[in-house]
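For reference, the structure discussed in these notes is given below.
The values are calculated or read from the model by the stated rules, or taken from the named source; none is laboratory data. In this text the structure is predicted, and so the values were computed from the model without any measurement. Backbone-built Cβ (ideal geometry, glycine too); neighbour counts: all protein chains shown.
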Amino acid sequence: MRWAALSSGLFLLGLTAQLAGGPAWLWWMLYLACYAAGGWAPGLAGLRALREKTLDVDLLMVAAAIGAAAIGQITDGALLIVIFATSGALEAFATARTEDSVRGLLHLAPDTATRTTADGAEQTVPVSDLEPGDVLVVRPGERIPADGTVLSGGSEVDQATITGEPLPVDKGEGDEVFAGTSNGTGALWVRVDRRAEDSVVARIAALVEQAGRTKARTQLFIEKVEQRYSIGMVAVTVAVFTVPLLLGDSLQRALLRAMTFMIVASPCAVVLATMPPLLAAIANAGRHGVLVKSAVVMERLGATTRIAFDKTGTLTSGSPELVEIRCLDEGLTDDELLRQAAAAEYPSEHPLAAAIVRAARNRGPALPATEEFTAHPGRGVTARVGGRSFGVGSPAAMLGSVDRGSESISTADDSVATAITAVAAAQERGYTAVVVTCEGRPAGVLALADRLRPEAPAAVAAARQLTGADPVLLTGDNRTTAERVADRVGITDVRAGLLPGDKVAAVRRLQADGHRIAVVGDGINDAPALAAADVGIAMGGAGSDLALHTADAIVVRDDLTAVAAVVDLSRRARRIVVANLALAATCIGVLVLWDLIGALPLPLGVAGHEGSTILVGLNGLRLLHRSAWSGSDRLG
């Protein structure tokens, strides 16, 4: 990266000196330094390829740049060097960052664990030494060291890194837990089920690496034919030089003709036909909050035929909000029930508690004072508010035969049956239900849900209009919740309950059906699917480091409508690339035939070659204009 930056800086200094009318020796020296800084890496790569009996465009570009300098066109040659050095450096940088993120993923799980022995003693041991059957104690706030099953205890566990679920999940005896997830307020005793190298989080890292290796290296169009073109150009250049020489032509005339051919046939115009439109599109996308990591990605975006969305953090914001209040106590209004529940929950650190408190504050005056607050990990809380005892917690804890000191609720109570019906109705609609009790009797049910991004329906509609195919929802959340969100945004193809490996399999199936898939996600659990997709797009606001580094493009401003807009911009760039290639190929063909059949003067050959190069470059730069980013307005 530093050599590319140095090369670009030297080019700008040389161009400034040249345009300012500085001495020729000064800007020639700056351009030659630009050649050295940016050309040694592609030149070395080209020589290595030559040693392996292949000829690639890297060596050809260096040769063309040297040839341009030899006939006085050093500025054009330096520009070619800068383009190649910069694109190669960006690709290497992106690859290195992705590898670093995969290695960092393995540090999600702690390095040590607290293992208990048969006599109740505790030992701190490395996670790598854990064996299936070991029993661990996981205290509040700690990360779970290994995949396993809860033997005793109760707590809420944030497992968004694995399943993508936006809310912590209550865990008790018999429940499965995953390495790298975060324990909440309670203690858990966990039996280890899998070794560290076989854990789900380790498999996520392996999936990302495997997808990166097996994903075919996509190239720009010109790079796909570089080998044949390079060999053909070198062979014809040699023939143009040797054949006239053997037929009695002078060395000077034969060399001049060969040099003219090399200049007019060099793919400078073809390279510039491809790169400026894509680079201009990248710059325009960046101005509108989308970071596209390379020209290859920008070209590939335009080939997308179907878009798959993650749910949590992508279509939704990833934070819960209150959506319904069902009051069961005739002595309370909806607002009063919410205020009492919020007051009881106020000291709690649970995300659902924060959502309830936020909703109560938005509706009315300050919350009443709370006394005798007690948290019951994995169950809920109890507190005295206004002289009465209130409980707020999960339906299983609040509506079962749960002993909470002086409180005991029997499921035979009619009010309990009513509450169970209300809970079932909320859960059928995909909501998370929270039960509120007053003096030991059910007082109401609060329904919470992940907040939908306001632009999500428009973004999904734009994706459908642009690709002509229904978008897909890929989520680790349960089917009921997934279908509720899908119905609200207009998605009919829902694939729910997916672990990271399942998401990769779903992407592979879509690709097997002939689709070019763009996956939009934000979490660690989305990273394997982002890597496996033809194009991975990460939401930048709350995206995990692994997702951001694995993705090919990043929506920095978290505006979902930008997904369809950048695909549309890529398609515009592809159309300009095709037009530019046709123009460049026509100019090259005419000049080459003129040189082979007739006697093309070198100055005229240079003028025609450089003229076509300038034309295609200016045509590509049209995408820098703000009007090129009209996809979101037109499609939305």
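Miscellaneous remarks
- Some residue of the stretch 151-164 being of a type in the set (D, E, K, R) and either farther than 23 Å from P347 by Cα or in the same structural domain as G393 (by TED's automatic domain parsing) (or both): no
- Residues within the stretch 1-14 that are surrounded by 14 or more Cβ atoms within 10 Å (Cβ to Cβ) and in contact with a helix residue (DSSP H, G or I) (Cβ under 7 Å, 6 or more places away or on another chain), tallied: 9
- Selection status of D513, under 15 Å from T314 (Cα atoms), surrounded by fewer than 24 Cβ atoms within 10 Å (Cβ to Cβ) and not assigned by TED's automatic domain parsing to the domain that holds Y431: no
- Here A527, A551 are screened, and the one residue that is among the hydrophobic types (A, V, I, L, M, F, W, C) and in contact with a strand residue (DSSP E or B) (Cβ under 6 Å, 6 or more places away or on another chain) is A551.
- Residue within the stretch 496-517 that is touching a residue at least 40 places away in the same chain (Cβ under 8 Å), in a strand (DSSP E or B) and out of contact with any Phe, Trp or Tyr (no Cβ under 8 Å at 6 or more places or on another chain) present: yes
- Hits in the stretch 450-481 - residues which are modelled with pLDDT under 85 and touching a strand residue (DSSP E or B) at 6+ places or on another chain (Cβ under 8 Å): D450, R451, T481
- Hits in the stretch 430-450 - residues which are surrounded by fewer than 23 Cβ atoms within 10 Å (Cβ to Cβ) and over 11 Å from E324 (Cα atoms): G430, C438, E439, G440, R441
- Single residue of G133, G120 found to be at pLDDT 85 or above, more than 32 Å from the chain's Cα centre (by Cα) and part of a loop (DSSP other than H, G, I, E, B): G133
- Some residue of the stretch 254-261 being more than 40 Å from the chain's Cα centre (by Cα) and modelled with pLDDT of 80 or more: no
- Qualifying residue in the stretch 167-177 (condition: in contact with a strand residue (DSSP E or B) (Cβ under 8 Å, 6 or more places away or on another chain) and modelled with pLDDT under 75): yes
- Checklist (1) farther than 26 Å from L530 by Cα; (2) not in a helix (DSSP H, G or I) applied to V590, failing item: (2)
- Hey, A564 assigned to a helix (DSSP H, G or I) and either small (G, A, S) or modelled with pLDDT of 75 or more (or both) or not: yes
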